[in-house]
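Please read the structure below before turning to the comments.
The values are calculated or read from the model by the stated rules, or taken from the named source; none is laboratory data. Being a predicted model, the structure only gives us computed values, none of them experimental. Ideal geometry is used to build each Cβ from the backbone, glycine not excepted, and the neighbour counts take in all protein chains shown.
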Amino acid sequence: MTGAPLIGVLALQGDVREHENALASCGVATRRIRLPADLDGIDALVVPGGESTTMSNLALRWGLMEPLRARVGEGMPAYGSCAGMIMLADRLEGGRPDQQTIGGLDVTVRRNAFGRQVDSFEADVQILALGPTPIHAVFIRAPWVEQAGESVQVLGTIASGDAASRIVAVRQGHLLATSFHPELTGDTRVHQYFVEMVREQA
Ligand code: GLN
């Protein structure tokens, strides 16, 4: 990689623009990924929040699922927020029967894990990898990580309440995922952390 990395944003569905803005404020170039050819030359991938069943359908229909699996399997860094976390998970609970994922992260992710009463909520999450100030996290029909394999590093958990100690941020080598949406809050530390991962990999 010479100069700034080029980061693809999976643009099948979801909050693509918000991730583009967050990445732009980290000083990296982005490209929308809709077709397999769009993957040529990108250094990393962001999978946005949205609806993972729709992303799965569209990725299969447009022939993107296998190329995405291949690139992520070869070690291309990827970050997924919310539905993006679901897309990067090897195993799902509460997925639709026909739902597929890109996979790569050795985790079981539970969809819509926080339940109906708390469809959406905000909480401060301590993520020491991002510094001492907790991140203000927005959760929207969010998943959590139900089970994580040995090589998965837990970066953040819910501090208190019914969901106390549930895992909401993980890293496994070149893969990063959060249950919440840092792209919605203007705090770019998660995106900066990901860009650092991408630069280290290069
Ligand atoms: N519940 C959604 C899904 O299963 C994820 C929600 C989100 O990305 N905000 O895909």
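Tabulated results
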{"item": "Exclusive hit being touching a strand residue (DSSP E or B) at 6+ places or on another chain (Cβ under 8 Å), part of a loop (DSSP other than H, G, I, E, B) and either polar (S, T, N, Q) or buried (at least 22 other Cβ atoms within 10 Å of the Cβ) (or both), set G49, G41", "result": "G49"}
{"item": "Subset of the stretch 79-100 (residues that are touching a residue at least 12 places away in the same chain (Cβ under 8 Å), surrounded by fewer than 24 Cβ atoms within 10 Å (Cβ to Cβ) and not acidic (D, E))", "result": "R91, L92, G94, G95, R96, Q99, Q100"}
{"item": "Residues of the stretch 63-75 that turn out to be surrounded by fewer than 14 Cβ atoms within 10 Å (Cβ to Cβ) and on the phi < 0 side of the Ramachandran plot, as a count", "result": "4"}
{"item": "Any pair with Cβ under 6 angstrom, 6 or more apart, that starts in the stretch 7-27 at a residue that is modelled with pLDDT of 95 or more and ends at one that is among the basic types (K, R) and more than 12 Å from the ligand (Cβ to nearest atom)", "result": "G8/R31; V9/R32; A11/R32; A11/R34"}
{"item": "Hey, D43 without any contact (Cβ under 8 Å) to a residue 60 or more places away in the chain, under 23 Å from F194 (Cα atoms) and over 12 Å from the mean Cα position of the chain (by Cα) or not", "result": "no"}
{"item": "Residue identified as modelled with pLDDT of 95 or more and at positive phi among G95, G103, G49", "result": "G103"}
{"item": "Selection status of L184, within 16 Å of the ligand (Cβ to nearest atom), surrounded by fewer than 24 Cβ atoms within 10 Å (Cβ to Cβ) and not polar (S, T, N, Q)", "result": "yes"}
{"item": "Test: residue in the stretch 20-31 that is hydroxyl-bearing (S, T, Y) and away from the ligand (no atom under 11 Å from the Cβ)", "result": "yes"}
{"item": "Residue satisfying condition, being basic (K, R) and surrounded by fewer than 17 Cβ atoms within 10 Å (Cβ to Cβ), within set R111, R166, R171, R199", "result": "R199"}
{"item": "Matching residues in the stretch 150-177 - criterion: being away from the ligand (no atom under 16 Å from the Cβ), within 17 Å of the chain's Cα centre (by Cα) and not aliphatic (A, V, I, L, M)", "result": "Q153, G156, T157, R171, Q172, G173, H174"}
{"item": "Residue among P143, P134 that alone is modelled with pLDDT of 95 or more and surrounded by fewer than 18 Cβ atoms within 10 Å (Cβ to Cβ)", "result": "P134"}
